[in-house]
Structure formats: structure tokens, C-alpha cells
Amino acid sequence: MGKIIAVAGKGGVGKTTLCGLLIQHLCRTGRTPVLAVDADANSNLNEVLGVEAPPTLGEIREEIERDGTNHVVPAGMTKANYLEMRISDAITEEDNFDLMVMGRSQGQGCYCFVNGLVQTQIQKLQSNYPFIVVDNEAGMEHISRGLLPAMDTAILVSDCSRRGIQAAGRIARLMTELNFTPKQSGLIVNRAPGGKLDEGTLEEIHNQGLDLLGVVPQDDSVYQFDCNGKPIVALPEESPVRVALEEIVQKLGL
């Protein structure tokens, strides 16, 4: 079965950027094909990777739900069978990785059905990939819903703020309460000025009982790439973000 790497943390801490670079690292080191899963309703992992987004699972679900007006389901085929057929279109196939995007339901209502589709597809596809990297939505919902059948590596991401570290600590405790037992887990602190943490941040990491995997420095190039619409995976090899993440993944043995 493919090894599942789950990346989680509060919103705005750079989870998707680090996910994209992690996927690129796995591809470069021959652990292919990788299944990249954008499990955030507000999806943008494709932009970090520099690829077109496939039809999202949410869009496909809405298409079928509106079948009474646009008749997309062929005559003689059930909605369930048509959904299973269309889900194969929700994966973009690249040279070394495939990308599946959750997306969102339109209008009012929760994302329960779409979450269920993601969970089912991961379980179905897990044996086809040596690694599955899941970019979780901000917060704790995906963890609490048991979106992932299991996780081999849990990477919590925070910025330097106490709120970010505390959010990572709450996610770590929730995983323990739900009996998730990843083989390895820990915290990456992202966007640290000069790549250094002050005493207050280190104290909060200790208070939360988190294992610090590494620190990724603030890099204006990431901001400029984002502003100019360039994929983050095109960062130069000497980028301090790329160098720091390479050290972390080596520490994890990935």
C-alpha cells in the first residue's frame, strides 16, 4: 500500500507551498508515481505545481446533482455508475505525479459528500502509488472526519506565531484522541525570519509537546513567484526554502 503523507495546520501558514515542494522532491528522487491530493475546498495545489486543475470532485458531484435540468447521465445508466465513471476524469496525469482535487459543493450545505468521495478514492487508489501526499484544508475538520484511512507521516505546519503553534498542538492531540498512529510526525515552522526561532516560539513548541522537524526561512522569492503567477516548484535550487525543506525530508527519510 502507498505511504500516506498528511500535511495539516491552520490557514495561511504555507502548507500548500511545502506540499508542492515535497511532491517535487519525491518525484526527483524516483518515488513515482506520486498521488497528490488537494483536499482543501479552496484548492490551489495545482498552481504551486504549475499544472491545470482537473475537474474537481465537487464539480462532478454538482454536475450529477443538476441532472434533472441538463441530462448529463446517459439513459440506462444510474447516477452511481455515472459518478464512478466520471471520477476518473478528476485526476490530472503528469509525468511523475497525478493530481486529484476535492473542490467544493456549490450553494448551501456541508462538504460531507465530497469529503466522502475523497476518502473513497484514496482507499481505492492507495495500492497504485508508492506515495500519496495530502494537502489538508485549514484546521481540524478533515482529521476529525477521518478523511484518511491511515497516515504514515503527519507533518504539521505553523508560522512563528503562538496561535499557529497552538493550532498545530490541537491537531496533534486530536490525532492521538482518534487513535491515529503515524510512524513519524512533527512540526515544521515556516516563514521564520532569518530561519531562526525566538525563545517564545520555542517555549510554545515545548509546551505543546511537539517534535520540531525543522525551520523554513522567510523567502521573498516565494512571495514574488506567487504575485507573478509562477509555480513555486520553479524556485531556484539555491532557494533557502528549498534547501531547508530538503534537510527536513532527509531527516524524515523520505
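When you look at residue 208, is it at pLDDT 95 or above and more than 18 Å from the chain's Cα centre (by Cα), yes or no? Let's see the steps before the verdict.
On the way: at pLDDT 95 or above: yes; more than 18 Å from the chain's Cα centre (by Cα): yes.
Considered against the rule, which asks whether it is at pLDDT 95 or above and more than 18 Å from the chain's Cα centre (by Cα), residue 208 comes out as yes.
Show the residue pairs that are 6+ apart or on different chains and have beta-carbon atoms under 8 Å apart, the first residue being within the range 75-93 and in a strand (DSSP E or B), the second being exposed (fewer than 12 other Cβ atoms within 10 Å of the Cβ).
Filtered contacts from the range 75-93: 92/52.
For the range 216-230, enumerate the residues that are among the charged types (D, E, K, R) and open to solvent by less than 50 Å² (accessible area, probe 1.4 Å).
Here is the first cut: in the range 216-230, the residues among the charged types (D, E, K, R) are 219-220, 226, 230.
The answer is 219, and nothing else.
Six or more apart or on different chains, Cβ atoms under 9 Å: show the pairs whose first residue is in the range 187-199 and over 14 Å from residue 219 (Cβ atoms) and modelled with pLDDT of 95 or more and whose second is open to solvent by 70 Å² or more (accessible area, probe 1.4 Å) and not β-branched (Val, Ile, Thr).
187/211
Do we have any residue at all in the range 14-25 that's outside any helix (DSSP H, G or I) and closer than 16 Å to residue 226 by Cβ? First the steps, then the outcome.
Start the filter on the range 14-25 by keeping residues that are outside any helix (DSSP H, G or I), which leaves 14.
Retained after the next criterion (residues that are closer than 16 Å to residue 226 by Cβ): 14.
Looking through the range 14-25, at least one residue is outside any helix (DSSP H, G or I) and closer than 16 Å to residue 226 by Cβ.
With touching a strand residue (DSSP E or B) at 6+ places or on another chain (Cβ under 7 Å) and among the acidic types (Asp, Glu) as the only criterion, which of 65, 52 stands out?
Working: 65 fails: touching a strand residue (DSSP E or B) at 6+ places or on another chain (Cβ under 7 Å).
Exactly one residue qualifies, and that residue is 52.
Please go through the range 15-43 and give me each residue that is open to solvent by less than 10 Å² (accessible area, probe 1.4 Å) and farther than 16 Å from residue 254 by Cβ, ordered by number.
37, 38, 39
May I ask you to list the residues in the range 158-188 that are among the acidic types (Asp, Glu) and open to solvent by 40 Å² or more (accessible area, probe 1.4 Å)? First the steps, then the outcome.
Quick first cut of the range 158-188, residues among the acidic types (Asp, Glu) only: 159, 177.
Within the range 158-188, 177 is the sole residue that qualifies.
Quick check, is residue 59 part of a helix (DSSP H, G or I), charged (D, E, K, R), open to solvent by 50 Å² or more (accessible area, probe 1.4 Å) and within 19 Å of residue 94 (Cβ to Cβ)?
Working: part of a helix (DSSP H, G or I): yes; charged (D, E, K, R): yes; open to solvent by 50 Å² or more (accessible area, probe 1.4 Å): yes; within 19 Å of residue 94 (Cβ to Cβ): no.
Here the answer is no, as residue 59 does not meet what is asked.
The values are calculated or read from the model by the stated rules, or taken from the named source; none is laboratory data. Predicted model, so just to flag it, every value in this text is computed and none were measured. Cβ sites come from the backbone with ideal geometry, for glycine too, and all protein chains shown count toward neighbours. Just so you know, the surface numbers come from the protein's heavy atoms only, side chains and all, with ligands and any DNA or RNA stripped out. Shrake-Rupley method; radii C 1.70, N 1.55, O 1.52, S 1.80 Å.
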